[in-house]
Amino acid sequence: MRLIRAADYTDMSMKAAGIIAAMLTIKPGCVLGLATGETPLGLYRRLVDSCNHGEVDFSQAKAFNLDEYRGLEPGAEQSYRFFMWKNLFSKINIRTENLYIPDGMAGDPEAECSRYEAAIAGCGGIDLQLLGIGNNGHIGFNEPGDSFAVDTHLVDLSESTIDANSRFFGDREEVPKQAYTMGVGSIMRARKALLIVSGRQKAGIVRRAFFGGVSPDVPASILQLHSDFTLIGDEAALSFI
Ligand code: F6R
């Protein structure tokens, strides 16, 4: 594991944007794995700026998102498809046919999961997977449990995740109870993994996940076994280390 200490959220975002920009330079047709949530917003703003200034080029890149709620229309403001379009895809020169997000409205969840895994494999696998970490140690929507779920699958969201995500919905009752997520295996198959984390409220889980044992109780802890894993945390998130 490579640990990069950032001074604050802005610095974390800059350092992560630098890594993604370098990947796009080295391999313009790279396959990026992307995340939603609050943490990557600063990084996405930087990438948009860099793209507008001609410093990065997404025209040959492909992007796979980690996860999507089940049952939300793609146009729904809380869907991850909407989030990605609003915060990144509509503002950079990536081609729409190169964007992949699980279809939250798919009628057959099992077929949707297989289709998604096959699409990743069909593009040659993910070169760089961007991740955030949930307060309970989840990555994607791989929630704490008895075993690591390997491939893309449908999950029942934990109460703590529903609580955490209710800030994006008018009412807790509106938060979907299920979501599609890449599995821990899908994430670990990425050639590089990059996790960004900010804020003191994540300091405890950062210590458990990356400086404690590897266990499905803390899904992110599996990243300790990844051969090319970079953790970028700001001072607050790394304050217990
Ligand atoms: C989002 C995702 C989640 C988030 C995590 C942290 O696509 O996969 O695992 O990365 O919940 O969310 P924030 O960044 O909002 O704290």
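The values are calculated or read from the model by the stated rules, or taken from the named source; none is laboratory data. Please read all numbers here as calculations on a predicted model, not as lab measurements. Only protein heavy atoms, including side chains, enter the accessible area calculation; ligands, DNA and RNA are left aside. Shrake-Rupley method; radii C 1.70, N 1.55, O 1.52, S 1.80 Å.
How long are the semi-axes of the equivalent ellipsoid of the chain, taking √(5λ) for every eigenvalue λ of the Cα gyration tensor, in whole Å from largest down? Walk me through the numbers on the way to the answer.
Working: eigenvalues 107, 104, 64 Å².
Its equivalent ellipsoid spans semi-axes of 23, 23, 18 Å.
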query: Hey, which lysines would be in cross-link range of LYS15, C-alpha to C-alpha under 28 Å, not counting anything within fewer than 8 residues on its own chain?
result: LYS27, LYS62, LYS86, LYS91, LYS192, LYS202
task: Could you run the Karplus curve 6.51 cos²θ - 1.76 cosθ + 1.60 with θ = phi - 60° over region 205-222 and give me ³J(HN,Hα) per residue in whole Hz, x for Gly and Pro?
output: 6, 5, 5, 5, 6, 10, 10, x, x, 8, 7, x, 4, 10, x, 5, 4, 4
J(HN,Hα) series, region 135-151, from Karplus relation 6.51 cos²θ - 1.76 cosθ + 1.60, nearest Hz, glycine and proline x: 4, 9, x, 6, 10, x, 10, 7, 8, x, x, 8, 8, 7, 7, 7, 9
- line: Which residues qualify? For GLN178, with a placed amide H closer than 5 Å and at least 5 residues away or on another chain, they are ARG70, LEU157
- request: For region 1-67, give the percent of accessible area contributed by carbon and sulfur heavy atoms, probe 1.4 Å, rounded to a whole number.
  value: 52
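Would you mind working out the accessible area per residue for the chain, using a 1.4 Å probe, and quoting it in Å²? Could the numbers behind the result be given before it?
Working: 10410 Å² over 241 residues.
Result: 43 Å² of accessible area for each residue.
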